[in-house]
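Accompanying notes for the structure given below.
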Amino acid sequence: MPLGTQKPFHKIFSQSEKVLTQFKLYHVLFWLIYSVVIAAVIRIGNSWGDSILRQLPILATHAIVVYFNLYFLVPRFLLNRNYVSYIFSALLLISAASFPISILTYSLVANQDIQSVVWSSFFLFLIGLGLLFSIILSMTLKFLKDWYDDQQSKRDLQKMQLQSELKFLKTQINPHFLFNSLNNLYALTLIKSDLAPQVVLRLSDILRYVLYETSEGKVDLQKELQHLSDFVSLEQMRVGDRVKVEIDLEEPMKDFLVEPMLFLTLIENAFKHGAQSASEEGWVKITGTSLVGGYSLFVENSKPIEYQASAHGGIGLDNLKKRLNYIYPESHELIIVNEEYKYSVKLNIELHYAE
């Protein structure tokens with residue numbers, strides 16, 4: 001079935017379920033199906049349709065027993081783990097309802113063979129079994145529905161918690177990026193660099209992307225890669241000749257959508273550590289490779305001889321790991337290699353096409 005035809009059916013099913021639940025129509029649907037099945041098994045009328053009509057008053061008595069059990073006996077005894085009282089009450093309920101059902105059966109049945117045995121102890125036993133079956137079936141369906149609703153509520157709660165945490169993680173990203181960018185601009189203004197106006201212009205483009213383009217959820221991968229190129233250009237202006245920068249971002253094969261600013265953390269860390277020591281020549285290599293079903297970013301950077309991890313470092317990478325686990329739980333691969341003089345990170349991620 002084509003993808004486009006699946007959504008209307010899913011929507012129709014969802015709306016139907018909502019209507020049935022809202023107006024309790026699934027109760028009516030249950031008893032209608034139940035009456036058809038009983039009429040097919042036990043023919044008490046002259047025809048199949050006649051049997052259904054004659055079964056309705058009997059099934060109404062079954063319904064009274066079922067709902068009394070579900071909404072009185074079960075909450076009062078079974079859910080409170082008073083099993084002995086529940087079994088005794090249920091058996092008493094079945095016994096009390098069997099005699100009225102026998103009277104109804106005798107007055108409604110058209111089959112003379114059935115009518116002749118209505119008052120036998122065996123027939124009363126069959127009526128009791130029928131009531132017991134109705135009770136067990138209704139309880140099974142009720143418990144299954146309650147379990148499904150409980151699981152759905154848990155999924156909705158987890159989804160809400162996930163969305164809240166993702167929003168929190170995103171609020172950590174933008175200030176972190178802005179803080180670093182303003183530090184870069186401050187460093188250039190201290191030395192009165194002619195690059196400062198270009199940095200302001202480049203920073204303006206980047207902030208426009210961060211504040212507006214990324215606010216709607218996933219973004220076009222091509223825009224995200226352009227954002228990375230702008231950021232690398234901004235960093236190159238800051239570090240100058242101290243850090244050798246190589247960047248090669250291959251264009252994606254398809255119009256993919258990606259969670260914004262996932263790759264940025266890797267490049268930020270690379271420049272942070274690749275340019276950590278002014279007395280040493282550092283380097284940063286960034287390679288983006290288009291995949292059939294996604295994209296791969298490989299980032300390498302040099303490490304100074306006397307490497308010292310920042311007391312405030314590591315937040316960006318931990319943030320990235322959380323976002324990847326939440327948004328792409330089974331569709332990403334993050335490989336980190338920490339060597340003596342080199343640090344490299346590779347992120348392979350499966351992406352969906354833009355619709």
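The numbers here are math on the coordinates, done by the rules we state, and not lab data. Model, not experiment: these values are computed from the prediction. Cβ coordinates were reconstructed from backbone atoms using ideal geometry, including for glycine residues, and neighbour counts include every protein chain displayed.
Summary table
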read-out: Inter-label distance for residue 218 and residue 353, nm, one decimal - labels placed 7 Å from Cα along Cα-to-Cβ; value: 1.3
read-out: Scaled radius of gyration (Cα, divided by 2.2 N^0.38 Å) that region 193-353 gives; value: 1.04
read-out: Magnitude of the charge dipole, region 193-353, Cβ model with Lys/Arg +1 and Asp/Glu -1, debye to 20; value: 300
